[in-house]
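Presented below is the structure to which this report refers.
The values are calculated or read from the model by the stated rules, or taken from the named source; none is laboratory data. Owing to the predicted nature of the structure, the values given are computational and were not obtained by experimental measurement. Neighbour counts are summed over all protein chains in view; Cβ atoms, including those assigned to glycine, are modelled from backbone coordinates with ideal geometry. Note: accessible area is taken over every heavy atom of the protein model, side chains too, but ligands, DNA and RNA are not part of it. Shrake-Rupley method; radii C 1.70, N 1.55, O 1.52, S 1.80 Å.
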Amino acid sequence: MIEDQIKTKLSSIVGKENVIDSQAGRLVYSYDATPNYQSMPDLVIAPRNTKEIAEIVNVCRDEKIPIIPRGSGTNLCAGTVPTEGGIVLLFKNMNQILEVDEENLTVTVQPGVITQDMIREVEKKGLFYPPDPSSMKISTIGGNINENSGGLRGLKYGVTADYVMALEAVLPNGDIIRTGGKLAKDVAGYNLTQLLVGSEGTLAIITEATLKLIPIPETKQTMLALYQSMDAAARTVSEIISAKIIPATLEFLDQPTLKAVEDFAKIGLPTDVEAVLLIEQDGPHEIVAHDMKKMADICTKEGAVSVKIAETEVEALALTEARRSALSALARLKPTTILEDATVPRSEIANMVKAINEIAKKHNVTICTFGHAGDGNLHPTCPTDVRDKEEMKRVDAAFADIFAKAIELGGTITGEHGVGMMKAPFLEWKLGTEGILIMRAIKQSFDPHNIMNPGKIFAKETRKRLVVSR
C-alpha cells in the first residue's frame, strides 16, 4: 500500500484530476487483454509531460514503489498487469503528434498516440508507417514500442523495431535520456534505442519516439486463395518466397477460424475449405500486376481450388478486415479466448499446424490456428472458459506442448506478443540459462531496485520442459 503522504506528493506533481485512487477506478487497470491475469494497482496516474514522469520516478525510486507503464492494455502476454501493486502510468495526456518531418521522412510522437491515428495523419502527406498490429485502432505507439509489435505487413516491412530511430526515456533513477536521432547512419556506442524497444517497460519509461517513414506505395492488390490441404497452402508460401517475391501480406486461416470469421464478418467467405491464404502486394502498378499474376499462378500450381483477386478497394478492404477480425470472431465462441503466437521457419509451417492439431486432440481442447504465414508467425487460439479449472489445466498443458514443439522445429515462443508474465516460465527454453543471466544483468544495471514493471520477462521458476515427439 502507498501511504497517504506519498499519494499527496504524487498528486501535487500531476494534479488531483490525473490521479485515480478509488477501488472501482483502479480495478479497470488491474488487467489487460490477456485472459486469467489480474492484480490491483495501488494508484493510477496520468502525467502530462516528461518532467512530471521524472518526478514520479524519483518518488517511486526513494519509496521502492513499482511503476507499470501502460498503453491501451491490448497486449496478450499480461505485460501491463501490476503483479506487485504500485503505480500504473497512463499516457492519455501525452498523445500528441509532435512533428511530421517530410525532409527527413520521420514522425515524432508522444507515447499515447493511437497507432491508426498516426498512420492516417502521415498518409495525408503521402507517407507510410508500415507496422500494423491487429489492435492498431486502439493500441498506442508507446505500447507498440514496449512490445515490439508486428502485424500483417511484417513479412515485407518488418516490425516496430525497424522503424524506431530515436527515443526519449526516463530511467529508473529519474534521469532523462535521448537515444538515436534522425540519422541514416549512427554507430556511436551501444544501440540503446533498440535495447529499449521490446523491453516491455522493464528498463525505462518511453516519453517520446521518432519513427522512420517511407513513401506510400503507389497501389496495392489483394488476393484470396482457397485450399483443401494445409500442406498445399504451406507449399505455396514457400514457393512464393522462393520465386523472390516478397508480398506485403501473406496470411492464412484454418477452417475452424474461417468459419468463425465468416459467421462474424458475413462477407461471403467459403467455409468448406481446409485453409485460406490472404495475399496482398503493394508498390508500382507494373510490379504489383506482375507479382499478383505470378503468385496466382503459383497458388494454382500448388493446388489451390480457387484464386480470386479483389476487383475493388472495398472488396480488398473487406478481406483484410476479415483477417484482422479473427480474434474478435473466435472470442464469440466461448467466454475466454487465449491467443498465442508460436513462430517457426516458413518451411515448418505445415508441420507446426499439424502438431498443433495433434496437441489439441491429445489434451481434448479446441485450438483454431491463423497467422502470418509469410514469416512463420502462427496464432494458435483456444476458445475456453476460465471458470472450468480442469479444462484450463489441459489448455495450459497444450500450450506448453506447442511452445516446446515450436522450439524443436527451430522456432521461438513468441514472434510479436512479447514475454510478459504469460511466457516468462518458458523463456529459458528458448534462451538457455546463459541467455537469461545476461538479460538479468542488463535489468540489474538499469533498475537495481526492480521498480520498473516487476514480475515480467523473468520467471521465478522455469517450466519443466515437455518433450513432444514429431
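Details
- Only the Cβ atoms of Lys and Arg (+1) and of Asp and Glu (-1) were treated as charged; on that basis the dipole of the chain about its Cα centre amounts to roughly 820 debye.
- For the range 163-269, the list of GluC sites (Glu not before Pro) that fall in a loop by DSSP and count at most 14 other C-beta atoms within 10 angstrom reads Glu218.
- The range 347-407 - charge dipole about Cα centre, Lys and Arg +1 at Cβ, Asp and Glu -1, debye rounded to 20: 140
- Size-normalised alpha-carbon gyration radius of the range 284-386, reference 2.2 N^0.38 Å: 1.30
- Spherically averaged projected area in nm², based on the convex hull that wraps the Cα atoms of the range 237-288: 4.6
- Ligands, DNA and RNA left out, the 1.4 Å accessible surface of the range 122-185 is 51% carbon and sulfur atoms.
- Normalising by residue count, the range 273-338 has a Cα convex hull of 115 Å³ per residue.
- Loop-located trypsin sites (Lys or Arg not before Pro) across the range 93-161 with a Cβ neighbour count of 10 or fewer within 10 Å are Lys124, with loop assigned by DSSP.
- Stokes-Einstein D (µm²/s) once Rh is taken as the Kirkwood radius of the chain over alpha-carbon pairs, at 10 °C in 1.306 mPa s: 69
- Vicinal HN-Hα couplings computed from phi for the range 254-265 (Karplus, 6.51 cos²θ - 1.76 cosθ + 1.60; Hz; Gly/Pro x): 7, 4, x, 5, 4, 4, 5, 5, 5, 5, 7, 8
- Under 16 Å from a label point set 7 Å out along the Cα-to-Cβ vector of Ile267, the amide N atoms of the range 313-344 belong to 313-330.
- Global dimensions of the range 157-220 from alpha-carbon coordinates: Rg and Dmax equal 13.4, 48 Å.
- The Cα-based radius of gyration and maximum Cα-Cα distance (Dmax) for the range 326-411 are 12.4, 38 Å.
- Treating each Cα of the range 23-90 as one equal point scatterer and applying the Debye formula with no solvent, the log10 of I(q)/I(0) at q = 0.14, 0.19, 0.26, 0.27 Å⁻¹ comes out as -0.39, -0.70, -1.14, -1.19.
- Extension gain, Val386 to Thr433, is 13.7 nm, computed as 0.36 nm per intervening residue step minus the present C-alpha separation.
- Spin-label pair Ser12/Ile442, simplified geometry with 7 Å Cα→Cβ offset, distance in nm: 3.8
- Extension gain, Ala243-Leu317: 0.36 nm per intervening residue step, less the Cα-Cα distance, totals 24.0 nm.
- Residues with amide H under 5 Å from that of Met40, placed H, sequence gap 5 or more: none
- Whole-number D in µm² s⁻¹ for the range 334-470, Kirkwood Cα-pair radius fed into Stokes-Einstein, 37 °C, 0.692 mPa s: 209
- Net +/- balance of residues flanking Thr343 in space, Cβ distance below 9 Å, scoring K and R +1, D and E -1: -3
- Other residues whose C-beta falls under 12 angstrom from the C-beta of Val305 contribute a net charge of -2, scoring Lys and Arg +1 and Asp and Glu -1.
- Working note: Karplus 6.51/-1.76/1.60 with θ = phi - 60° gives the range 365-382 the couplings 10, 8, 10, 9, 10, 8, x, 8, 4, x, 10, x, 8, 9, 10, x, 10, 10 Hz, where Gly and Pro are set to x.
- Backbone phi angles across the range 27-39, fed through the Karplus curve with coefficients 6.51, -1.76 and 1.60 (θ = phi - 60°), yield HN-Hα couplings of 4, 4, 9, 8, 8, 10, 7, 8, x, 6, 10, 7, 7 Hz in residue order; Gly and Pro are listed as x.
- For the range 1-52 versus the range 391-470, the gap between their alpha-carbon centres in whole angstrom: 28
- Global size of the range 92-218 as Cα Rg and Dmax, reported in angstrom: 13.6, 47
- The range 59-81 and the range 271-350 have Cα centres lying 35 Å from one another.
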